[in-house]
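Working notes, beginning with the structure itself.
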Amino acid sequence: MRGDEGQGGRYRDSYGDDIARDRHGRPILDRYGRPVRRRPSTARPGTRRPRTADPDGNPLPPISKSARPRAEERPRVQPPRERPRQVFPEQPAAAAPPLYTQQYPAAPAQGYQPRYQAPAAPPPQAAPPVSPQVAPPPPPAPRRRRRARRGGCFRPVRNVLILLLVVVLGTGIWADSKLTRVDAFPDTPIASTSGSNWLLVGSDSRQGLTEEDIARLGTGGDIGTGRTDTIMLLHIPTVGKAKLVSIPRDSYVAIPGYGMDKINASFAYGGPKLLAATVEQATGIHIDHYAEIGMGGLAHVVDAVGGVELCPDQPIDDPLANLNVQAGCQKMDGPTALGYVRTRATAQGDLDRVQRQREFFSAIVATATQPSTLLNPFRFFPLINGAVGSFTVGEGDHVWHLARLALAMKSGVETETVPVGGFANYDVGSVVLWDEVQAPALWDSMR
């Protein structure tokens, strides 16, 4: 509230000293007409700001530092007199209006549909009962997880496979060390031909046989290693069936350094090396592998597999071969099978014998590779022991080469004899002559 101007042109009013004023002493009002209070002093406690105006609002002249009296000389300032304050009668306090008011329109006329109707307030729901808080149970101690076993249910199978692999590798290494090796390849071999070619030889040797074995097998006395009963050439092509060709031991061929003679004479003159050179020169087929087995080894292999089934087409009785069998398929043991492949007591003599030798060779390979033999340790290990102790192979040949030979025979093989053109008697005895047309064609098909 503004008062009258007093002395010095200043305004007098009922506001206190805490109201902000302009330079004329009039209170400063805000936009609502209320006086603005002065900001509190920022001076430190216990200090007083110098006055720049008297109580009536008149400005005071500045006082220099030198003219200021000392504290004890300064006049004591009288406290400002209290100004009477205007007292207003108390008014009854009005009820405060609600923050939010909702006015509903009057009842609409009949047929009137309001554009908007306020949704009805949902009925108050009772607060759910508060159950007394119960301290949660302590967490269970962490269980120690069992470490999963590596491999799971496949671990036993893996262990069996590893054990089987170790047994196979160990047996293979042991068997390979038991093989007898000889120099069985020509010093000047012919050029290589297609596929893989084996020279298979059955020797008449009785070396290593005891008197009981000689009597049981009916082989007669020891005649050394000078003859071969069986000569076969096995051709294993890269693709297709293998072919097993029997070469009659009386075949009349040229022997390098010895002229024309029976082919088995080359074995007597120079052993496996000269025999391989003679076969290469007569057939034009390069020899890659060599395998030889004697009479005793042949019988031991048959007994190791439990015998082989052979099918003679006629009864054979040969006391020299210790053989007496009837026609038809039958299971033969070692001595009987040996006599079956050695006898000549049939109509065509040596030609019938080479046919029986091929039959026997196929039967022994099929029996030795049967699961009943390979999975039976009482047959498998005697077979390996008897076979590797009886086989003689060329230098560079190993057990895995013999295994490939057996697999090739098991998968199917074509068998035949060198086409024969006739017989003749020369100074070396009765010989077998090859057909001059069909024999070269057979060798050409194997190159």
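The values are calculated or read from the model by the stated rules, or taken from the named source; none is laboratory data. Model, not experiment: these values are computed from the prediction. Counting neighbours? That spans all protein chains shown, and the Cβs are built from the backbone with ideal geometry, glycine included.
Looking for whichever is farther than 28 Å from V253 by Cβ and touching a helix residue (DSSP H, G or I) at 6+ places or on another chain (Cβ under 6 Å) here; the options are G412, G386. Which one fits?
G386
Which of the numbered conditions does G151 fail, given that it passes all the others? Conditions: (1) more than 30 Å from G297 (Cβ to Cβ); (2) modelled with pLDDT of 65 or more; (3) in contact with a helix residue (DSSP H, G or I) (Cβ under 7 Å, 6 or more places away or on another chain); (4) not charged (D, E, K, R).
Status for G151: all satisfied but (2).
Can you tell me which residue within the range 280-295, out of those that are crowded, with 24+ Cβ neighbours inside 10 Å and more than 43 Å from the chain's Cα centre (by Cα), is nearest to L383 (Cα to Cα)?
So, considering only residues that are crowded, with 24+ Cβ neighbours inside 10 Å and more than 43 Å from the chain's Cα centre (by Cα), the one nearest to L383 (Cα to Cα) is M295.
Return yes when D352 is crowded, with 17+ Cβ neighbours inside 10 Å, over 25 Å from V245 (Cβ atoms), at pLDDT below 90 and of a type in the set (D, E, K, R) and no when it is not.
no
I need the full set of residues from the range 305-333 which are at pLDDT below 85 and buried (at least 21 other Cβ atoms within 10 Å of the Cβ), in order please.
Residues satisfying the conditions are V305, A321.
Starting from the range 14-39, take each residue that is within 18 Å of N58 (Cβ to Cβ) and list its partners that are among the aromatic types (F, W, Y) and surrounded by 13 or more Cβ atoms within 10 Å (Cβ to Cβ), counting only C-beta distances under 9 angstrom and pairs at least six apart or across chains.
Final answer for the pair search is R21/Y11; R21/Y15; H24/Y11; G25/Y11; R26/Y11; P27/Y11; P27/Y15.
Quick one: in the range 396-446, of everything that is surrounded by 14 or more Cβ atoms within 10 Å (Cβ to Cβ) and polar (S, T, N, Q), which residue is nearest to G349 (Cα to Cα)?
Selected residue: T417.
Answer yes or no as to whether A265 is over 24 Å from A424 (Cβ atoms), modelled with pLDDT of 90 or more and surrounded by 20 or more Cβ atoms within 10 Å (Cβ to Cβ).
Considered against the rule, which asks whether it is over 24 Å from A424 (Cβ atoms), modelled with pLDDT of 90 or more and surrounded by 20 or more Cβ atoms within 10 Å (Cβ to Cβ), A265 comes out as no.
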